[in-house]
Amino acid sequence: ASRAAAGGIVDATTLPAAAARDALDRHDVAPLLAEADALLRTGPTGTNVNDLRAVVVEDRDGEPPGTT
């Protein structure tokens, strides 16, 4: 189920910062995103294009904005 996910849509309020950081460190965010109902599922596209865009915004203290 989560293997079919294309990614996730999150902001500073979607996931606890510590849990998100731990999942990212383990390269295993799909279960956490699924639990938060934040998985992005696009379905099969019929193409072999693999683009990745990741944006992480942190305050000067290293935490996502709004979490401290």
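Quick look at the values:
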| item | result |
| --- | --- |
| Selection from segment 12-36 of residues that are farther than 17 Å from Asp61 by Cα and of a type in the set (Lys, Arg) | Arg26 |
| Residues located in segment 1-14, provided they are at negative phi, surrounded by 13 or more Cβ atoms within 10 Å (Cβ to Cβ) and under 9 Å from the mean Cα position of the chain (by Cα) | Gly8, Val10 |
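Listed here are the residues, each with its yes/no results for (1) at pLDDT 90 or above; (2) part of a loop (DSSP other than H, G, I, E, B); (3) touching a helix residue (DSSP H, G or I) at 6+ places or on another chain (Cβ under 9 Å); (4) of a type in the set (S, T, N, Q).
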{"residue": "Asp22", "(1), (2), (3), (4)": "yes, no, yes, no"}
{"residue": "Ala34", "(1), (2), (3), (4)": "yes, no, yes, no"}
{"residue": "Glu58", "(1), (2), (3), (4)": "no, yes, no, no"}
{"residue": "Pro65", "(1), (2), (3), (4)": "no, yes, no, no"}
{"residue": "Thr68", "(1), (2), (3), (4)": "no, yes, yes, yes"}
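The values are calculated or read from the model by the stated rules, or taken from the named source; none is laboratory data. Source: prediction; values computed, not measured. Every residue, glycine among them, receives a Cβ derived from its backbone with ideal geometry; neighbour counts consider all protein chains shown.
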